1. So in the range 188-203, with the set limited to residues that are crowded, with 17+ Cβ neighbours inside 10 Å and not hydroxyl-bearing (Ser, Thr, Tyr), which one is nearest to residue 174 (Cα to Cα)?
2. Of the residues 190, 163, which is in contact (Cβ under 8 Å) with a residue 12 or more places away in the chain, of a type outside the set (Val, Ile, Thr) and within 16 Å of residue 81 (Cα to Cα)?
3. So which pairs qualify, if the first residue must be in the range 68-94 and farther than 30 Å from residue 189 by Cβ, the second must be part of a strand (DSSP E or B), the Cβ gap must be under 7 Å, and the two must be at least 6 apart or on different chains?
4. Give me the residue from the range 120-139 that is of a type in the set (Lys, Arg) and free of Cβ contacts under 8 Å to residues at least 12 places away in the same chain and, out of that set, surrounded by the fewest Cβ atoms within 10 Å (Cβ to Cβ).
5. Out of (1) more than 27 Å from residue 182 (Cβ to Cβ); (2) part of a helix (DSSP H, G or I), the odd one out for residue 129 is which?
6. With the requirement that a residue be among the aliphatic types (A, V, I, L, M) and touching a Lys or Arg at 6+ places or on another chain (Cβ under 7 Å), what does the range 105-125 give you?
7. Could you tell me which numbered condition residue 149 fails, if it satisfies all but one of (1) within 20 Å of residue 92 (Cβ to Cβ); (2) touching a residue at least 40 places away in the same chain (Cβ under 8 Å); (3) among the hydrophobic types (A, V, I, L, M, F, W, C)?
8. Please verify whether residue 97 is farther than 16 Å from residue 76 by Cβ and not in a loop (DSSP other than H, G, I, E, B), treating the condition exactly as stated.
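Taken together, the values in this text are just the output of simple stated rules run on the coordinates, not laboratory data. Treat the numbers as computed from the prediction; the structure is a model and nothing was measured. Because the Cβ atoms are built from the backbone with ideal geometry, glycine has one as well, and the counts that use them run over all protein chains shown.
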Amino acid sequence: MVYFIGIAQRQFIRTILSINKTRAYFYIVFLKRYLRRHSLCFLFLRLAQELRAEVTFLDLIIFERMKLSVYVLKSEHSFDSAHFLANYEGKCRQIHGHRWRVIIEIMSATLNTGEQLDGMIVDFSKLKKDLKEEVDCFDHVLIIEKGSLKPSTLTALIEEDFRVVEVDFRPTAERFSKYFYDRMTQKGYRVKSATVYETPTNSASYEEDPHGAV
């Protein structure tokens, strides 16, 4: 993901950097380890280095508090499937079904201009189509974690024409939220969050922490 720093932002950074005298290479090294590369604070530090400027920790706090306003789109799709949790003590170790709801939020600081996509991040129809493609492959199947069934059991299910989908993770709502986050990111979207409802009142969400706070 690439961010562009505008003239006004550069001038603001230069102004902050010009009013202090304390070098902060320690903070630069420390924050580089704990901040995601697309953090605004990281960009602030990179530009400061380019300008051979001196930075104080207070400067970093002030700059990081500058919020980036974004537009957010949300789309939802659902699928019906069965699963079970291997090595689980409780009812969920048995095969059971859910109507899973998958909600994806994407974001952008800017909108398209001109022609059909003017004033949009992306056409809703494209977002819905891309999400549907990822979700539909799990519809009306038995989802199992690889290695959680005996080979003979798996073979018997397939021979009886049951649709079985094997995944590399334990099929929990938490793991699925990360799965759909990654899949939509791979399609080129800047994903804000992915939420998966296992029941109408229970859900799990995945979003990446931009500040390294967790």
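1. Out of the qualifying residues, it is 196.
2. So the residue among 190, 163 that is in contact (Cβ under 8 Å) with a residue 12 or more places away in the chain, of a type outside the set (Val, Ile, Thr) and within 16 Å of residue 81 (Cα to Cα) is 163.
3. If the second residue must be part of a strand (DSSP E or B), the pairs left are 84/96; 86/145.
4. The extreme case among them is 129.
5. Looking at each condition in turn, residue 129 falls short on (1).
6. Matches in the range 105-125: 106, 107.
7. All conditions are met except number (2).
8. So residue 97 fits the description; yes.
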